[in-house]
Structures are given as C-alpha cells and as structure tokens.
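Student: This structure is in structure tokens; I'll ask about it shortly.
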Amino acid sequence: MLGGCAAPLSTLEPGGPSARAIAVLWWVMLAGAAAITALVAVLLALAWRRRHAASTVNAARWIVGGGLLFPLGVLGVLTAAALIVGERLLPHPAPEVVTVEARAHQFWWRFTHPDLGAGRAVTATELHIPAGRDVDVRITSADVIHSFWVPQLAGKLDAVPGFENVLRIRAAAPGRYQGRCAEFCGVGHAANVFTVVAHPPEEYAATLARLRSEAAPWPANCAACHADGTGAPGLAGVSARAWPPGHPLHALSGEALRAWVRLHAGPLTEAETEQAAALLEGGR
Amino acid sequence: MSGGRVTALGLHKQLDPLFRTPSGWGRLAATNHTDIGKRFLVTSFVFFLIGGVLAMLIRAQLATPHSGFAGPAAYNQFFTMHGTVMMFLFAIPALEGLAIYMMPKMLGARDMAFPRLGAYAYWCYLSGGSILIVAMLLGLAPDTGWFMYTPLSSQPYSPGINADVWLIGVTFVEVSSIAGAVEIAVSILKLRAPGMSLSRMPLLAWYLLVAVFMILIGFPPLVLGSVMLEIERAFGWAFFDPARGGDSILWQHLFWLFGHPEVYIIFLPAAGILSTLIPVLCRTTIVGYGWVVAAAISLGFLSFGLWVHHMFTTGIPHMGLAFFSAASTLVAVPTAIQIFAWLATMVQGRPQLRLPMLYILGFFAIFVLGGLSGVMVAVVPFNWQVHDTHFIVAHLHYVLVGGFVFPLLAGLYYWLPLVSGRRRLFRLGEVAFWLNFIGFNLTFFQMHLTGLLGMPRRVYTYPAEMGWTGLNLVSSIGGFLSAIGFALVLVDVVLQFLSGEKARRNPWNAGTLEWAGPKPPPSYNFASLPLVTGRDPLQADPDLAVRLARGEGALGRRRGERRETIGVDMVSGAAEQVVLLPGPTFLPLFAALPTGAFFLGILLKQYLLSLAGVAVALVLFLVWAWNNGQRQDEGAQDAGAGLVLPPHPEVREAPGHWGSLFTLTADASLFGSLLFGYAYLWTIAPGWPPPALLEPNSANLALGLLGVIGGWAAMRRATLAMSAGRTASVSGTLLAAAAGQIFGGVMLALVPLWLAPPPSGHAYASVTALLAAYGAFHCAVAAIMALFCWARVKRGFVSPARTLDLRVTLHWQAWAAFAGSLALLVIHGAPWVAGP
C-alpha cells in the first residue's frame, strides 16, 4: 500500500492517530512561527524607515509588551496544549491492547509477541501488528542505546539497556510502515532499519501462527548461527519478506546476493548458497 | 615616581618596555592579555577552519544517496570531530579570547587579574586541541558522536583509543576553559577603571561575566562524567554499565547538565557583542540597559533547568518532561526581552548600513527562526518525532551560526580597526557576507523539511527512495557557498592587516574605553587610567584619549619594575587597591608541559608518566605561588589623580581572594554532580541493591571527621591569630592544620582500600571509591597549602597586614573539611540507612 509513498519515513504523512496529532501540532506551530517572523520583520523595517532625527522610544512598552507579555501568553497556551496532546499519546491502561516486545541489537531488531504465550513468534527486522488496534511496544536493548521510530505511526522512544520503555502505536489501516533506529548506535546505524506490517485484524492471528510454525528449508550453517538467542537475527518469515529501503539486502539480487551470502555464511556448498539466496530474495 | 610632568611620548617610552612581550623565544613567555587574547582568537579560528573542512566532508558525503565518498567508520569520525571541534575548540576559546583581549581595554585596566593563568589556559587549550587533531590525522579520532553516549562509548563497544582521545583531549581543554573563566570573572569584577560601578559597566562585560560563571558551574559535570567514563574504560569500574549496577542514562544527565548551558554560554557573549554594536551603529544608547542585564542573568539561571529537553525520548515520565518543557519554552522570554530591546534601540536611533550592521541584520533573520524552531522542539510530542533528525541539525545551526557566528563576524569587523589600526580597502566583506548568508540558508532552511521527512542524524548514507535526495543536494551546494564566504572573510582580514590605510582613532564614534587610546593599542593599554563617571566615558569627554596619554589619569607613572593597575570595589567601582601584575615568564608554559604529560600518560596508559607529570606540575605551581606577594608592609601610597591606595597584598579583597573562591565554585559544582551521581545510581539504576555494601565503621567515620574538621579549625585559628598580631603561635598551628588534613585524608583513602567492596564489581563500590578519592584529594591539597603557608610565614611573606596566603588556604581547608565530612557521612551513612 505504501510502496508508492514519496517519503516512507515522513512525519507529515501520518498513518495513525499518534502521528496525526503530532503532525497537526506541527502545522499549527508553523503558522504561529510564520506570524511571529513577519512581526519581527515589520518591526525591523520600521526601524529603517524612521530616518528623521533620533527620538526616544518607550522602553517599557517595547520590552514589557514584546519581550515579556507577548511570549508569556503564546508560550502558556502552547505548553498547555502540548501537555494535553502528550498525555493522550501515552500508553494508559486500556482494554484490548496488544503487547509486543522490541529488543534492539547492533544492528537489527528482535520482535516477540508475549500475548501468544509459550512458543510465541519471534521475528527479526519485521514487526507484525493488527491494524486499527492499540499496540504497546515494550522497548529495550541488548547492547547500546537505540531508538524505536516508525514516523508514520508515532514519535520515537529509546531502547536503553537495563530498562524497558513502552510506546503506544496504532496503524489506522493495514499496510507496511517503515521504521528505523533513530539513536546513533555505531557503524551499522544507517542500515538499522525495520518494517512494521499492519494486518487486517482477522488475518493477524493466522499470520502469526504461520510464522510460528514455519519451517523454511535453510542450510544448516545458516540455521545454526541464526537460532534465537545467538545474537544474530532469526530467520522466521524471511522467505516472505520485502527488505526495507536502507537494509543491506534491499538492493541485492542475483550474483551480488550470492556473494553477500558467501561473505556472511562461511563454508557453503554451491547448492546451499543458491538455496539461501533464493530464500532471501523470496518476498520480492 | 619621577618628579615633573612627562609628555605622552615620554610616558610611552617608560611604560612600553615594562609591559611589552619580549621578542624571539621570549614570545613563549608572554602573559600580556593583548597577546594571549589574540592567540586564543587566532587559534580558535584555525580550529573553526578545521571544523569547517569536516563539515564540507559531511556535505560531500550526503550530497547524493549511496555516496561512495566515505564509509561509516570515516564518516562517524567526521561528524564526531565536527561537533567536538566547533563546540570545544572554537566557540568557547573564541569567547574567552574575546574576553581576554577586550575586557581590560573596555574596563580601563592594563591587564587581566591573573596574566600567568591566562597564558597557562592558552597552552592547555593548544595542547588539548592538538591531541584531538593529531589523533584525527592518524585516523584515531573519536567516532561515537560529540555527545559520547554510553554504552556505545564504553570499552566493550568502543575498545579502541578513539574514545579515550575524546575524554582526554576535551578534559584538557576544559581545564583551560575553567582557568580562563576564573581569570575573566575576577578581572571583570575587580579590575576596572575607578568609578566604573556595576551599573556603568559596558553590556559586553555583563554578558561575559554571566557566561564565565556559567562555565564555572556548567563545565564540572562533564569533567566529572569524563573522569568516570575514563576510569570505567581503563580500570573496569562500573558507573554506566547496566550489567553491574551502572546506568547509561547517568552519562546523559552529566553531559547535558554541561551541554545545555553550553549553548547559552556561547550565545551570551554574542548577545553582548550585539548589545554593544547596535546602539553605536544606530547612533544612540541601548534601550532598557537594566532589562538587558536582567535578561542575561536570568538566561544564565534558566539554562541550568533545561538539560532534560535533550532527553525527551529516553523514557523519563511525562510529567517530568512537562516541567522541563515549560522551563525550555520559558527561556524564550529573556531572549525575547533582548530582541525587543535591540529592536527598540534601532527604532530609537538612526541605523547605518555598514558591514557589521549587515551581519546584525543577518543575525536577526537567522536567530529568530532558530529561536522559533527551538520553541517547537521544546514541545514534548513534537520532539518525539523530530529528535535526532535533520530538523534538529537545522535548528541548532540556526541558533549557533545565527546566534554566535554572525554576531562574532559583526564584532570582528567592528573591532578590526582597533586591533590592526587599519581600515578595509576593498568591499570584499560585503561579498563575503552575502555568500555566507545565502549559503547558510541554502544549507539549513530546507533541512527542516529533510528532517520532517524522516532523515535521521548521523547516517553516512541513505537510499534514493526516501524523498531526501534533492533537499540534500541543495544543502551541500549551500554548504560550499558558505565555505567560499568564510574563505573570503579570511582573505579580507589578512588584506586589511597587510595593506589597509590607517584608521581613525574612534571610527564608529563609540563611547566605550577600548577606543580611548592609540590604534593598535599599546602594550600597557592606558598610559594613565580614566576616572569614570558614566556609561560612555568617551562620549562624555571627547578629549579623554589625549588626557590619558599625557598621564592625567591614575597611575600615570612608572615605578621601577612594577606593573600596576587599579583594583576596585566590585559593586561601587570605588578605587580600592593597586594591583601588582606579574611580568613575562616561562612558568605557564613549563607548567602546561607536565600537565600535558599527565593527560598523555592517561591516554597512552603510561601511568608513571602521569605521576611524574603531577609531581613536576605541583612543584612548578608552588614556585608560581611563591613568586607572589611582598616581604614588607608598604601601606597606602599615592596612585595619582588624587587616589591613595595600598598594594593588593595588603587588601582584604585582593584578586587572589576571589580567584580562590571562584575556583572553589567550580570545584563545588563537580562535588555536587558527584553526589547527584551517587543518589541517581542508588535510586534509579538497574541492578540495585548491590551484592555487598560497606560495613559502616564508626571508628573510620569519627577519626576522619576529627582530622578534616580539626585541620580546618587549626587553620582558622592560625589565620585569626596572624590577623590579630599574635604571630608567635602561627607556625605551629599551621603544621597542626596540615597534620589534621593528612590524617583525615588517610581515613578517606582507607575506605576503598580496606572497607568497601572492590570498585570493579558494582557501581555502588565504584561511586563510593570515587567519593572517598575526591575527599582524600582535597585533604592532600589543603595539607600542602598549609605547609606552603608555614614556609611563607617563615620567610616573611605573611604579616598581620598581609594575610592573603592564609585566607586563601583557609578557603581550601574549609572546603576539605566540608566535602571530606560530607563524603564520610554519605559513605558510612547511606549503607547504614539502607542496610539490614
């Protein structure tokens, strides 16, 4: 649905209520800022028009009016509005909230679905949520500080080792939403991207069940390193995936992709290389 | 004092050899503020050019998607060094250079209060900056961002020397900044022309005063954070490691406790330049002098209450964020007061469109936008979206370039005729301005949009399908236009020095004292010091320059080898003392060398070298202090212009008295940050309570308290006895003061060595050991100072009239007693309260 989007990380094309509220805040502030800029420009122009002999200005009127009362009034209203908007975006307790866990790594994200109980689905680089439902993302980090950010759905929240932060997101419609790490996390920061896939609610459970039971035929060498808990991203769902822009695999195919596989996987037979490359390319 | 009248030329021939910096190798011994100030300014401009080249590398890389120009490892060094160089090696030293060069000339003094300290600060700055630049040339530059967030900058994730280079180099430069701040604060408060009360002080002095006090309070938290991180990296202690009871967010608090005030430290002197230039260029006086001063002071206070607005996305509770959000927007009020005072001044006067005014108008255009986007990012929900995007890059450059670089360039063109004695030949400056102004806006205006479209900061590459491609290309083109503009400014300035015509004495018809002398200024600034009766002494008396040159003011004479200036009462400006200034000496350079050896030893893990550096530096500092003072009482003497004044060693409020107190202010800020860190770790960090607490030991506590408080009591007794003329008992009491502190220091040192768990196990043990080390270090300092006083008394430098040595030592003894006691109480009390 968003394949044709001009700017997939744009905060100005909201895909959910949280991002929409912030976008409205932006447009209102932009209008106010433009008006204040115009006011200062007019006052400056006034100074240059008065070429006649020097006069004394009423210091109190300028400074108390322009410097004290005017900003206090504007800022008072703005701060109050921001507080109300911010309060509404918080993860307050509510019925029917879906909980997912996001654990950041250098340089990928691991997502789990604790609501599913034992054998819960674990995915890397792709987070599956139901559309039209509130989702609480419980965010933490396995190593350095990262930040979970899906601009079309909500603002960002940091992944801090030793702590858990909770971000409320909601996708208004099914679709793919680009996300990425927003806190500088080292040499792989630029490529630390992920996708949030919002499913129609009725398909959500089925999708996760499929992910959980998937037994894609990966070469043993790949599966060994990418088993959950090894520190490398898991392979569940990879064969059906479109890699997000910015991900190292996004633009790779054919011989370049096979070269990438050889570089990362160590000793593989030619058939295994072919097999892994086909799986990595699968979703495209 | 020689009898009879002297001519202006005769007076010049007397004073110039006394104040002039020697030639040849003797230049390295310079302490004269004109030379030191120029060195700070020129060196900071060189670093600005280096930072600018790094910016060009960044823009070259981001000009197109999938750029193959640099990989992430190199790019991470580019942006880390760009931020570090601009903030630490350009902005702060430039403002200190401005203060050191300009303050004595504006305030009517012949030099700064502590000329040797200024020279030492310069050598530390040059050395620390060089460490960073040399490391960059070797490919070992820091690469974890100028904010150095842990755990990315911690040992497991940055095992190389790069992060150590940042911690060591920046701390070295900060030592310089704090030393400079002490010197500037005392000079502004004490070394003014007689009659220049606080309310007659030029606005630039007010602004610089606020800025340097902010340095004294704002820099120590980062010094502490850097010390903690370096100890964690080098010795495996745990302050920021969440697996061992540390907390990576503590680093962010310490960093931004420094980092946010830093922004205002940079902005305030620039605002001071604007407040000085706007009335002169509009041929009027400032509207609302008192309001402007109040705004500057309140900005100073408010800026310490906003650091959390850099941390809105770290997961701090929303109500806490709301407080910092409100405080952040509140900062707009004093800023608006100044903007409206400047606008009103322009409306009141008749503005002239000369080159500095172009930069002032450029400032208005840029800074107002930066201020407005600043209010936007202070709004919490909006911040959640744009934090760490290019919107912030745009905002901060609008604030820092608009709020610092443009005013600085206005000031550069305004004061260049003063420094060079020449005026511009060509209209290169106007061309450069338009290149700078257009180039800047082309780089950063649409970058707000780049950020809103989701482009994060600190990515070395981006895909073509994100909608950022055209915007980035325009930014890169704008960046290169700016680069040409700055190059033209450089050419323009060099041409003015080489070939400009001689400037008029007061080319802008300014009222402040820096224009009341020959151009370029002579080594002694004023042949005699003016008696000031208003805010614009030069406007009140157009012949002032001539009368001062003829020696009709105060101190219009030469007395032997004495370099003299007048010290005043801080508030009223009434003349109070003749301050005797030291002449050129190699001591600052020789003291900076072992200081550098200390830092290099830590960087290269050659700890014996560090120890040797400390020992040599200590000896040199004692020699430095020993050279002060006098061995006879002289009493009040004729200082010319009807003034009869005592020399500063015989006055209670000598410059050294305040220098000591201001240094302790910075020290107290560091100690406060350490206590904050202790409490923060205990209450917020994960992995607490620790596996083992210290067993509270009442003997260690009681004996430690006895030592530090007893030492201070003995010092107080010695000081009072000397003042009262009971000199016989003083020497013995001083030895008792030293002994008390040594005893207290040993008790504190026993805490990590014997009582507490090993510091590498858990953050609790680490922070306990650091607290004890802080206390023990200050006990050692206080003990050495007491022993120094003992020797000074023996050699006749101290008398009932000359008690400065004792009183300064008493400050440090009192601080050792206070901080040592508090450390002991916390160390033993907290586990006792929390224990089973």
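Student: Can you find even one residue in segment B:654-677 that is at pLDDT below 95 and among the charged types (D, E, K, R)?
Tutor: No: segment B:654-677 contains no residue that is at pLDDT below 95 and among the charged types (D, E, K, R).
Student: Here's another thing I want to ask about it. For segment A:159-177, enumerate the residues that are facing another protein chain (nearest Cβ under 8 Å) and in contact with a helix residue (DSSP H, G or I) (Cβ under 9 Å, 6 or more places away or on another chain).
Tutor: Result: A:160, A:161, A:162, A:163.
Student: Further, regarding this structure: Report the residue count in segment B:303-319 for those that are open to solvent by 30 Å² or more (accessible area, probe 1.4 Å) and either touching a strand residue (DSSP E or B) at 6+ places or on another chain (Cβ under 6 Å) or not β-branched (Val, Ile, Thr) (or both).
Tutor: Qualifying residue count, segment B:303-319: 7.
Student: For segment B:307-322, state whether one or more residues are hydroxyl-bearing (Ser, Thr, Tyr) and farther than 17 Å from residue B:385 by Cβ.
Tutor: Initial filter on segment B:307-322 (hydroxyl-bearing (Ser, Thr, Tyr)): B:313-314.
Right, trim to farther than 17 Å from residue B:385 by Cβ and you get none.
No: segment B:307-322 contains no residue that is hydroxyl-bearing (Ser, Thr, Tyr) and farther than 17 Å from residue B:385 by Cβ.
Student: Out of B:197, B:226, B:248, report the one residue that is over 30 Å from residue B:677 (Cβ atoms) and touching a Ser or Thr at 6+ places or on another chain (Cβ under 8 Å).
Tutor: It is B:197.
Student: Only one of A:64, A:42 is modelled with pLDDT under 95, more than 7 Å from chain B (Cβ to nearest Cβ) and buried (at least 16 other Cβ atoms within 10 Å of the Cβ); which?
Tutor: Only one candidate passes the filter, namely A:64.
Student: Also: Any chance segment A:188-199 includes a residue that's within 11 Å of chain B (Cβ to nearest Cβ) and in contact with a Leu (Cβ under 8 Å, 6 or more places away or on another chain)?
Tutor: Checking segment A:188-199: not a single residue is within 11 Å of chain B (Cβ to nearest Cβ) and in contact with a Leu (Cβ under 8 Å, 6 or more places away or on another chain).
Student: Another one. One residue is enough: does segment B:263-281 have a residue meeting the conditions outside any helix (DSSP H, G or I), open to solvent by 10 Å² or more (accessible area, probe 1.4 Å) and within 30 Å of residue B:199 (Cα to Cα)?
Tutor: Looking only at segment B:263-281, we keep the residues that are outside any helix (DSSP H, G or I), and these are none.
No, the conditions are met nowhere in segment B:263-281.
Student: Of the residues that make up segment B:779-802, is at least one over 27 Å from residue B:624 (Cα atoms), without any contact (Cβ under 8 Å) to a residue 40 or more places away in the chain, surrounded by fewer than 23 Cβ atoms within 10 Å (Cβ to Cβ) and touching a helix residue (DSSP H, G or I) at 6+ places or on another chain (Cβ under 9 Å)?
Tutor: no
Student: Can you tell me which residue is nearest to residue B:606 (Cα to Cα) among those in segment B:554-596 that are open to solvent by less than 40 Å² (accessible area, probe 1.4 Å) and among the charged types (D, E, K, R)?
Tutor: Filtering segment B:554-596 for residues that are open to solvent by less than 40 Å² (accessible area, probe 1.4 Å) and among the charged types (D, E, K, R), the one nearest to residue B:606 (Cα to Cα) comes out as B:563.
Student: Right, here's the next one. In this structure, does residue B:216 turn out to be part of a helix (DSSP H, G or I), assigned by TED's automatic domain parsing to the domain that holds residue B:163 and surrounded by fewer than 24 Cβ atoms within 10 Å (Cβ to Cβ)?
Tutor: The answer is yes for residue B:216.
Student: Output the residue which, of all residues in segment B:129-166 that are hydroxyl-bearing (Ser, Thr, Tyr) and within 11 Å of chain A (Cβ to nearest Cβ), is surrounded by the fewest Cβ atoms within 10 Å (Cβ to Cβ). First the steps, then the outcome.
Tutor: Of the residues in segment B:129-166, the ones hydroxyl-bearing (Ser, Thr, Tyr) are B:130, B:144, B:149-150, B:153-154, B:157-158.
Next, from what is left, pick out any that are within 11 Å of chain A (Cβ to nearest Cβ): B:144, B:149-150, B:153-154, B:157-158.
Details: B:144: 25, B:149: 21, B:150: 31, B:153: 27, B:154: 24, B:157: 16, B:158: 22.
Among those residues, the one meeting the criterion is B:157.
Results for (1) farther than 29 Å from residue B:469 by Cβ; (2) open to solvent by 10 Å² or more (accessible area, probe 1.4 Å), shown as yes or no for each residue.
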site	(1), (2)
B:35	yes, yes
B:49	yes, yes
B:53	no, yes
B:79	no, yes
B:82	no, yes
B:99	yes, no
B:103	yes, no
B:108	yes, no
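Student: Check segment B:383-390 and report whether any residue there is open to solvent by 20 Å² or more (accessible area, probe 1.4 Å), within 13 Å of chain A (Cβ to nearest Cβ) and out of contact with any Asp or Glu (no Cβ under 7 Å at 6 or more places or on another chain). Give the derivation first.
Tutor: Going residue by residue through segment B:383-390, those that are open to solvent by 20 Å² or more (accessible area, probe 1.4 Å) are B:384, B:387.
Now narrow it down to the ones that are within 13 Å of chain A (Cβ to nearest Cβ): B:384, B:387.
Next, from what is left, pick out any that are out of contact with any Asp or Glu (no Cβ under 7 Å at 6 or more places or on another chain): B:384, B:387.
Yes, there is a match, as at least one residue in segment B:383-390 is open to solvent by 20 Å² or more (accessible area, probe 1.4 Å), within 13 Å of chain A (Cβ to nearest Cβ) and out of contact with any Asp or Glu (no Cβ under 7 Å at 6 or more places or on another chain).
Student: OK, next. Can you tell me which of A:271, A:216, A:278, A:224 is assigned to a loop (DSSP other than H, G, I, E, B) and more than 25 Å from residue B:464 (Cβ to Cβ)?
Tutor: None of the other options fit; the residue is A:216.
Student: Let me ask you something else. If I filter segment B:719-731 for residues that are open to solvent by less than 50 Å² (accessible area, probe 1.4 Å) and not in a helix (DSSP H, G or I), do I get at least one hit? Reasoning before the result, please.
Tutor: Here is the first cut: in segment B:719-731, the residues open to solvent by less than 50 Å² (accessible area, probe 1.4 Å) are B:719, B:721-722, B:725, B:730-731.
Next cut, not in a helix (DSSP H, G or I) only: B:725.
Looking for residues that are open to solvent by less than 50 Å² (accessible area, probe 1.4 Å) and not in a helix (DSSP H, G or I), one finds at least one in segment B:719-731, hence yes.
Student: Ok, one more. Kindly indicate whether any position in segment B:395-415 is within 14 Å of chain A (Cβ to nearest Cβ), more than 25 Å from the chain's Cα centre (by Cα) and among the small types (Gly, Ala, Ser).
Tutor: No, because not a single residue in segment B:395-415 is within 14 Å of chain A (Cβ to nearest Cβ), more than 25 Å from the chain's Cα centre (by Cα) and among the small types (Gly, Ala, Ser).
Student: So which helices (runs of 4 or more DSSP H) stay within segment B:330-423 end to end and still have 2 or more residues that are under 26 Å from residue A:25 (Cα atoms)?
Tutor: Correct list: B:332-348, B:355-378, B:380-386, B:390-400.
Student: Keeping to segment B:324-340, report how many residues are more than 9 Å from chain A (Cβ to nearest Cβ) and closer than 25 Å to residue A:136 by Cβ.
Tutor: Adding up the residues that qualify gives 1.
Student: Quick check: anything in segment B:283-290 at pLDDT 95 or above, open to solvent by 10 Å² or more (accessible area, probe 1.4 Å) and in a helix (DSSP H, G or I)?
Tutor: Yes, that holds for at least one residue.
Student: Moving to a separate point now. Tell me which residues, restricted to segment B:219-251, are farther than 24 Å from residue A:163 by Cα and part of a loop (DSSP other than H, G, I, E, B).
Tutor: none
Student: Another question, then. Taking residue A:112 as the residue in question, decide whether it is within 30 Å of residue B:158 (Cβ to Cβ) and surrounded by 15 or more Cβ atoms within 10 Å (Cβ to Cβ).
Tutor: yes
Student: Residue check: is residue B:525 of a type outside the set (A, V, I, L, M, F, W, C) and within 14 Å of chain A (Cβ to nearest Cβ)?
Tutor: Numbers: of a type outside the set (A, V, I, L, M, F, W, C): yes; within 14 Å of chain A (Cβ to nearest Cβ): no.
Taking the combined requirement at face value, the residue does not satisfy it.
Student: When residues of segment B:14-33 are filtered for being surrounded by 15 or more Cβ atoms within 10 Å (Cβ to Cβ) and of a type outside the set (Val, Ile, Thr), how many remain?
Tutor: Total satisfying the criteria: 10.
Student: Still on this model: Sort out which residues of segment B:352-382 are of a type outside the set (A, V, I, L, M, F, W, C) and open to solvent by less than 10 Å² (accessible area, probe 1.4 Å), and write them in order of number.
Tutor: The answer is B:356, B:359, B:362, B:370, B:373, B:381.
Student: Hey, could you check segment B:459-494 for residues that are within 14 Å of another protein chain (Cβ to nearest Cβ) and open to solvent by 30 Å² or more (accessible area, probe 1.4 Å) and say which is nearest to residue B:55 (Cα to Cα)?
Tutor: Selected residue: B:460.
Student: Considering only residues that are touching a helix residue (DSSP H, G or I) at 6+ places or on another chain (Cβ under 8 Å) and within 14 Å of chain A (Cβ to nearest Cβ), look in segment B:676-692 and name the one that is surrounded by the fewest Cβ atoms within 10 Å (Cβ to Cβ).
Tutor: My answer is B:684.
Student: If residue A:249 satisfies every condition in (1) assigned to a helix (DSSP H, G or I); (2) open to solvent by less than 60 Å² (accessible area, probe 1.4 Å) but one, which is the exception?
Tutor: Of everything listed in (1) assigned to a helix (DSSP H, G or I); (2) open to solvent by less than 60 Å² (accessible area, probe 1.4 Å), residue A:249 misses just condition (1).
Student: Scan (1) out of contact with any strand residue (DSSP E or B) (no Cβ under 9 Å at 6 or more places or on another chain); (2) modelled with pLDDT under 95 for the single condition residue B:50 breaks and write down its number.
Tutor: Of everything listed in (1) out of contact with any strand residue (DSSP E or B) (no Cβ under 9 Å at 6 or more places or on another chain); (2) modelled with pLDDT under 95, residue B:50 misses just condition (2).
The values are calculated or read from the model by the stated rules, or taken from the named source; none is laboratory data. Remember, it's a predicted structure, so these values are computed and weren't measured experimentally. Glycine also receives a Cβ, built like all others from the backbone with ideal geometry; neighbour counts cover every protein chain displayed. Note: areas computed on protein heavy atoms with side chains; ligands, DNA, RNA excluded. Shrake-Rupley method; radii C 1.70, N 1.55, O 1.52, S 1.80 Å.
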